[in-house]
Structures are given as structure tokens and as C-alpha cells.
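What follows is one structure encoded as C-alpha cells, with my remarks underneath.
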Amino acid sequence: MSELTTIARPYAKAAFDFAVEQRAVEKWEEMLAFAAQVAENEQIQDFLKNTFSAQKAADTVISICGEQLDQYGQNLIRLMAENKRLTVLPAVFELFQHYMEEHNATAEVEVVSAQPLNATQEQKIAAAMEKRLARKVKLNCSVDNSLIAGVIIRTDDFVIDGSSRGQLARLANELQ
């Protein structure tokens with residue numbers, strides 16, 4: 001299975017990136033789901049494994065899919081046929097769905113501030129974090145009076161300490 005994933009990953013990633021760029025992620029999900037179902041059919045799998053003509057394999061899958069595929073979906077099928085990779089279409093679809101889930105995921109961001117944040121400050125922090133994380137952000141704001149001033153922003157991946165307490169601690173480390 002891991003070999004199939006390795007083979008399918010570049011196709012899934014390219015399809016997903018293109019779908020995001022074209023703002024057609026749901027359409028691509030539908031196209032790949034249908035093409036994956038076609039490729040899972042035993043008769044089609046036998047045909048794909050035994051045919052020597054990439055053109056014939058691509059034309060067959062495209063004709064079966066019919067109007068389910070747009071021109072870009074057809075191009076993907078042709079490319080995969082040229083590389084003799086049509087049998088991994090189900091794995092491409094699974095990885096595409098994984099990329100969709102990651103893309104649609106919301107990141108939890110904890111914001112600890114010395115003073116309560118107003119709506120404008122929260123919006124600015126949320127916008128900056130969405131840009132940095134490349135996904136939607138949910139802020140969990142709290143107040144810690146011991147910070148003196150500033151904020152500490154925590155995610156699963158990193159911590160940004162912009163508090164006065166943190167700056168004083170860094171200064172003390174540099175002076176020692």
C-alpha cells in the first residue's frame with residue numbers, strides 16, 4: 001500500500017493544488033471519486049494491466065467517465081495513462097481527500113495577553129495567523145496579568161512570545 005501512496009502522491013498533490021488554484025476543489029473531488037470507482041472495477045483493472053497502448057487505456061477510461069470529467073480531468077487521465085499509473089486512481093482519490101481535510105482544517109491558536117483584546121486586535125491576530133498557517137484559525141483568548149504587556153501566541157507547531165516578561169527573560173539570558 002505504501003508503494004501505491006508513493007506513486008499516487010504527486011498526482012494527488014498536483015490535482016489538489018490545481019483545484020485550489022481554480023477554486024474547484026469539490027468538482028475535482030467528484031471527478032476523482034468517479035474515476036477511482038471506474039479504476040476499481042475488476043474488468044477495467046484487467047484491461048489497464050494488459051493493454052500496451054496508453055492512448056487506448058486513456059480513451060477507454062475517459063469514455064466510461066463521460067461528462068463526469070472536464071478537460072483538465074481528462075488531461076490527468078491521459079498523463080497517468082502515459083506513465084502507466086491509471087491503476088492507482090483510487091489511491092490518488094484517497095490522498096486528494098486527505099489534502100482536502102488538511103486544507104479545510106481549523107487550527108486552534110491560543111492567545112494569552114496582559115490585557116483583554118478588543119475585536120480589532122483579535123481580527124488582526126487571526127488574519128496574520130491564517131496567513132502564516134495557510135488555514136482557518138480559531139482563537140482561544142485569555143488574560144494573564146503576570147505578562148506585564150504584550151501577548152503570547154501558541155499553536156501546535158510554534159510559540160510567539162511577544163510579552164514584556166518574555167523580552168525581559170531573553171535580555172537576562174543575553175546579559176549572563
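Summary of values
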{"item": "Tally, over segment 122-176, of residues that are outside any strand (DSSP E or B) and touching a helix residue (DSSP H, G or I) at 6+ places or on another chain (Cβ under 6 Å)", "result": "6"}
{"item": "Test: residue 75 is loosely packed, with under 15 Cβ neighbours inside 10 Å, in a strand (DSSP E or B) and of a type outside the set (Gly, Ala, Ser)", "result": "no"}
{"item": "Residue within segment 71-89 that is more than 30 Å from residue 38 (Cα to Cα), of a type in the set (A, V, I, L, M) and more than 19 Å from the chain's Cα centre (by Cα) present", "result": "no"}
{"item": "Near pairs, Cβ below 8 angstrom, 6+ apart or cross-chain, from segment 117-136 (farther than 26 Å from residue 101 by Cβ) to any residue that is β-branched (Val, Ile, Thr) and modelled with pLDDT of 85 or more", "result": "117/111; 117/125; 117/151; 122/111"}
{"item": "Residue identified as in contact with a helix residue (DSSP H, G or I) (Cβ under 8 Å, 6 or more places away or on another chain) and under 30 Å from residue 148 (Cα atoms) among 107, 39, 33", "result": "107"}
{"item": "Test for residue 32: is it under 24 Å from the mean Cα position of the chain (by Cα), buried (at least 19 other Cβ atoms within 10 Å of the Cβ) and either not in a helix (DSSP H, G or I) or not β-branched (Val, Ile, Thr) (or both)", "result": "yes"}
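Matching residues to (1) modelled with pLDDT of 90 or more; (2) open to solvent by 60 Å² or more (accessible area, probe 1.4 Å):
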| site | (1), (2) |
| --- | --- |
| 4 | no, yes |
| 10 | yes, yes |
| 16 | yes, no |
| 28 | yes, no |
| 38 | yes, no |
| 46 | no, yes |
| 49 | no, yes |
| 59 | yes, yes |
| 64 | yes, yes |
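The values are calculated or read from the model by the stated rules, or taken from the named source; none is laboratory data. Keep in mind that what you see is a predicted model, and the values were worked out from it rather than measured. Glycine also receives a Cβ, built like all others from the backbone with ideal geometry; neighbour counts cover every protein chain displayed. Please note that ligands, DNA and RNA were not included when accessible areas were found on the heavy atoms of the full protein model with its side chains. Shrake-Rupley method; radii C 1.70, N 1.55, O 1.52, S 1.80 Å.
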